[in-house]
Structures are given as structure tokens and as C-alpha cells.
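The values are calculated or read from the model by the stated rules, or taken from the named source; none is laboratory data. Predicted model, so just to flag it, every value in this text is computed and none were measured. When we count neighbours, we look across all protein chains shown, and the Cβ atoms used for this are built from the backbone with ideal geometry, even at glycine.
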Amino acid sequence: MEQKTRKVVLRGAGCGECGGCYEVAAGESLELYQLCGEDDHKVRVTLAEGARAKLLFVASTSGSVSYDYRVELNGAGAEAELWGLFAARERGVAKVHTDMRHNVADCRSNQQVRGVADDEGYGLFEGLVYVAPDAQRTEAYQQSRNVVLSPAARIQTLPQLEIYADDVKCSHGATVGQMNEEQIYYMRQRGLSEEDARKLQLGGFIRQVLDRVDDEPLREEMERLLFPAE
Amino acid sequence: MLKVKNLHASVDGKEILRGIDFEVKAGEVHAIMGPNGSGKSTFASVLAGNEKFEVTAGEVEYEGENLLEMSIEERARKGIFLGFQYPVEIPGVSMANFMKLAVAERRKAQGLEPLTAGQMLKYMREKAAVVELDAKLMNRAVNEGFSGGEKKKNEIFQMAMLEPRLSLLDETDSGLDIDALRIVATGVNRLRSESNATVLITHYQRLLDYIVPDFVHVLYKGRIIYSGGKELALKLEKEGYDWLINDYKE
């Protein structure tokens, strides 16, 4: 069956208070990319039977930015993947809230959100997976990985699972750490400066999400937002 | 090339190296053997500049310069290579990109022109062939998902890429099956020359069947307590370390 795919790109502060509401009809699919550095943004996505959504956002700020994603899986066989990157620099605050709602049986979801905080930046990830009482055979995964780059930077991660069905496969994981010094040592032993090694490592951390963007100019635009010219 | 005098080093206040004297000249291959926990890996790490260890006394001269004053990357750029016992995985950083940066630094230090993208690609393929490493791995993240054998081959591949003057190979043979061991050893032998030197740190005689050392040293409790020629390794294999350790008075 040929799937009808809609692709949406939401950019900058101009994407407004509401990133929009998207209803994905049975058998259709949505690809939504969002990249913002300021303001609060809400996105609502509803998936019918067999519908698919690939959602990917990048938030990077020295001011304040927040994302609020709610995905309703309303038809059997619906699948949603949510990829995200947030970065807070200087005294910036980046907040991400996700709500993945398995309302019916036989749906799948995967959330992979990564955060970086530098200087005195603050990042917050709150991610909910909700599985309704009838939503049997749900598969839901959520992972939140975060690194803090300076002693004054902070990241909080609050993963939550609310599961009311008994036949489900769900997992979640959350980590907040510093850069891996063993990796830095290894790269320096090959002749890279400490600064280059750290940049490469951070680039690697981010790339694992950005690699999901097939559109190269868009991916580069996201990289520029994450690493503003120094 | 390398002169180590009375080297002492500690980690977390515990002294591991307790007065090492050691000298390597260009063209030589040295093997350092010894029981577990005698300080072999620490010695290699200290030479590479690992900041986990504190040098508390002694001198290390490398090519006429004070090695202990150099940063990790300065040592690497001047031709010191450490083959890691446990090579780390670096997710998200491709082998190709990593090697491009590392080779550029090494060539800059050697006063050589940078390689063009095309030359680099050709150079990588050539060197990968030395250790029979699948060139497809260059597109993967550093060591990520590599098998144990691939990780060790990847160390020798990087050694080939960087053309070091002094290679310190820390337990490069551990965890290798006989085929992988032969490939790794062949790679090391092919890279041997009159102008470079190799220090093999190993538990087993096995590796020394393939890479024949000029000198064999026994490290015990942080000191080199005995040195000999290649026949010493055979004697150690047969008789163990007890005859040396029993003789050794602290």
C-alpha cells in the first residue's frame, strides 16, 4: 500500500505559540521537523489506524524555549517516533514536555530525546508514556540522555510511565552525565587537541539524533542552531 | 630515543611504579612481561601522559626532550602511539572523520603537507589492508559494534596511519584468536623499521612467537627486576616467574 506522506518544517520564533494540530488519517504518514530558539511551542498529533508520524525537534537557546508535544495513538497499528535535541547555553532555559498516549491496542512508539547544558544553562525533560487499560500489545520506548558541560549547568529529566494495560512492552531510560573522559583521552592520544576532542564528542552525541534527518540542508541548519558561530 | 630513569608514579596516592630504568633505541623491539598487577599497563599509560597517574619522581627523555612536560596530544604528535588494551567506543564519531583529524595533526608536527580528501581515502584503504580490516568500518563510529578482534586490528590500523616513532602496545594480543593474532603481528612486523621502535606489553609468550623482540624485561612490583634477550620469554613461559620473584629482594 502506498503511503501518503506529509512533510512539515516549523522554523524559528515565527512558528508561534502553537506549532499546530495535525491529524494523520488511516494509512497516511507525517514527518514534522521543528527548530526554534525562543518562545513556547505546542504540537498536537493524532494518529488514526495504521498512521505513522516521525517527529523531530531541535531547541537551542541562550534565552528561553519550551516544547510541548502530545501524540495521541488512536487507531490500531499506529506508530510514532519522536526525536529531540535541546541545548541551553549561557543562562538559557530549554524545557521539553512530551506526552505519548497509547489509547488503543497494537500501537508502537519510540521517544529519543537528548539534552545538553553548558555555562549556567538549565534543561528540563518531562516525558510521559500513557497506556490506556485496553491498549494491549503496546510497544513503547523512551530514552532521555543528557550531558552537562560545565559545573554550573543543570539538567533534570523526569520520565514517567502510566501503564494500565498488562500485555505491553515498555522501557525507559534516563541518564545525566558529563563528557566521557576515557574517550577524550583516547582521542588526545591520537593527537587531537582537548578542544577538538570535546567538540567531536559533543558532535557525536548530537549526530545520533540529527542522522535521522535525511534532508541535508535542513540538517545543516539544525547544526548551526545548535552550534552558533563562535 | 627513550630514556627512563628512576620513574615513580602513583594513582590515588598508591605507588605503582617504584623506580623504573628503561632505555629504547631506534630500530629495537622490547617486550615487557610480568605477573598481573606489576605495573605494566601503568608504565605505558604514564609514557602516554594519562592524567590519572601522578609522576612523583624520575625523568623521561624522549628524542632529547623532557617527555613529562608534554601534554598527551603533544606526545602523540611527536610520534608516541599507545595501542590500548581496551579501545574505547566513541558513538557518533566516524572512524574516517577521527582519522582525518589525527593524521592532519601528526603530519603538521612532521612538517608535511596535509593530504587531500582523495589522498586520505587512498591512504586509509592501503593501511586498512595491512591489518585486513574491512574498509567499510571507516564509515562506522569509532570501535562501536566492532568485535574484539576488529578493535585490536583497528589499533594497529591507527598505528599504521600515524607512523609513530615509538609504539607502546598494551596487551594487544589479549582476547585474540590465533588468526587475528597472526594478522595483528604481521601488521606490526610490516611497520617495523630502523627509525622506529616498539614496546610490547604482554602476558604471554604466544605474541613473541610472531613478533620477535630484541630484549625482554620482567616488571615486578613497579620495577624492572630482570632483562634478557628473546630466550628469556621462553624460559618464563616454561618456568613461570617464581624463580625470579623468589630471588628478588625488595
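Given the conditions (1) in contact with an Asp or Glu (Cβ under 7 Å, 6 or more places away or on another chain); (2) part of a loop (DSSP other than H, G, I, E, B), report the number of the one that B:L207 does not fulfil.
Here B:L207 meets the rest and fails (2).
Residues in segment A:41-53 that are crowded, with 19+ Cβ neighbours inside 10 Å and not in a loop (DSSP other than H, G, I, E, B): how many?
Counting residues in segment A:41-53 that are crowded, with 19+ Cβ neighbours inside 10 Å and not in a loop (DSSP other than H, G, I, E, B) gives 7.
Which ones in segment B:213-240 are in contact with a Leu (Cβ under 7 Å, 6 or more places away or on another chain) and among the aliphatic types (A, V, I, L, M)?
Residues satisfying the conditions are B:V216, B:V218, B:I225, B:A233.
Is at least one residue of segment B:47-64 in a helix (DSSP H, G or I), in contact (Cβ under 8 Å) with a residue 12 or more places away in the chain and in contact with a Lys or Arg (Cβ under 6 Å, 6 or more places away or on another chain)?
no
Look through segment B:153-168, keep the residues that are within 12 Å of the chain's Cα centre (by Cα) and farther than 11 Å from B:Y86 by Cα, and return whichever of them is surrounded by the most Cβ atoms within 10 Å (Cβ to Cβ).
Among those residues, the one meeting the criterion is B:L168.
Yes or no, residue by residue, for (1) surrounded by 22 or more Cβ atoms within 10 Å (Cβ to Cβ); (2) charged (D, E, K, R); (3) part of a loop (DSSP other than H, G, I, E, B):
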position: A:F57; (1), (2), (3): yes, no, no
position: A:Y69; (1), (2), (3): yes, no, no
position: A:L82; (1), (2), (3): yes, no, no
position: A:E90; (1), (2), (3): no, yes, yes
position: A:K95; (1), (2), (3): no, yes, no
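Those residues that are under 18 Å from A:R190 (Cα atoms), away from every other protein chain (no Cβ under 14 Å) and in a helix (DSSP H, G or I), I need them from segment B:99-120; list them, please.
Within segment B:99-120, B:M120 is the sole residue that qualifies.
All but one of (1) within 17 Å of the chain's Cα centre (by Cα); (2) at pLDDT 85 or above hold for B:Y204; which doesn't?
(2)
Residue by residue, here is whether (1) out of contact with any strand residue (DSSP E or B) (no Cβ under 7 Å at 6 or more places or on another chain); (2) among the acidic types (D, E); (3) under 30 Å from B:K136 (Cα atoms) holds:
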site: B:Q158; (1), (2), (3): yes, no, yes
site: B:R192; (1), (2), (3): no, no, yes
site: B:Y210; (1), (2), (3): yes, no, yes
site: B:R223; (1), (2), (3): no, no, no
site: B:S227; (1), (2), (3): no, no, no
site: B:E237; (1), (2), (3): yes, yes, no
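Quick test for you: out of A:L30, A:L56, A:L73, A:L35, pick the one residue that is in contact with a helix residue (DSSP H, G or I) (Cβ under 6 Å, 6 or more places away or on another chain) and either at pLDDT 95 or above or over 22 Å from A:L128 (Cβ atoms) (or both).
Criteria check complete, one pass: A:L35.
State the number of residues belonging to segment A:97-107 that are surrounded by 22 or more Cβ atoms within 10 Å (Cβ to Cβ) and of a type in the set (A, V, I, L, M, F, W, C).
Total meeting the criteria: 2.
Every residue, every condition in (1) more than 11 Å from every other protein chain (Cβ to nearest Cβ); (2) in contact with a Ser or Thr (Cβ under 7 Å, 6 or more places away or on another chain); (3) within 27 Å of B:N139 (Cα to Cα); (4) surrounded by fewer than 16 Cβ atoms within 10 Å (Cβ to Cβ), yes or no:
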position: A:D166; (1), (2), (3), (4): yes, no, no, yes
position: A:N180; (1), (2), (3), (4): no, no, yes, no
position: A:D196; (1), (2), (3), (4): no, no, yes, no
position: A:L210; (1), (2), (3), (4): no, no, yes, no
position: A:E216; (1), (2), (3), (4): yes, no, yes, yes
position: A:R224; (1), (2), (3), (4): yes, no, yes, yes
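May I ask you to say which residue of B:R223, B:R192 is under 15 Å from the mean Cα position of the chain (by Cα), among the charged types (D, E, K, R) and at pLDDT 90 or above?
On the way: B:R223 fails: under 15 Å from the mean Cα position of the chain (by Cα).
Among B:R223, B:R192, only B:R192 is under 15 Å from the mean Cα position of the chain (by Cα), among the charged types (D, E, K, R) and at pLDDT 90 or above.
Given the conditions (1) within 13 Å of another protein chain (Cβ to nearest Cβ); (2) surrounded by 16 or more Cβ atoms within 10 Å (Cβ to Cβ), which single one is not true for A:C170?
Here A:C170 meets the rest and fails (1).
Quick test for you: out of B:G37, B:G27, pick the one residue that is closer than 22 Å to B:L236 by Cβ and surrounded by fewer than 17 Cβ atoms within 10 Å (Cβ to Cβ).
Details: B:G27 fails: closer than 22 Å to B:L236 by Cβ.
Within the list B:G37, B:G27, the selection yields B:G37.
Sort out which residues of segment B:68-98 are under 24 Å from A:D211 (Cα atoms), more than 8 Å from chain A (Cβ to nearest Cβ) and surrounded by 22 or more Cβ atoms within 10 Å (Cβ to Cβ), and write them in order of number.
B:M95
Given the options B:A31, B:A26, name the one that is part of a loop (DSSP other than H, G, I, E, B), under 18 Å from the mean Cα position of the chain (by Cα) and either modelled with pLDDT under 95 or among the hydrophobic types (A, V, I, L, M, F, W, C) (or both). Spell out how you get there, then give the answer.
Details: B:A31 fails: part of a loop (DSSP other than H, G, I, E, B).
It is B:A26.
May I ask you to list the residues in segment B:10-22 that are hydrophobic (A, V, I, L, M, F, W, C), over 18 Å from the mean Cα position of the chain (by Cα) and over 13 Å from B:S38 (Cβ atoms)?
B:V11
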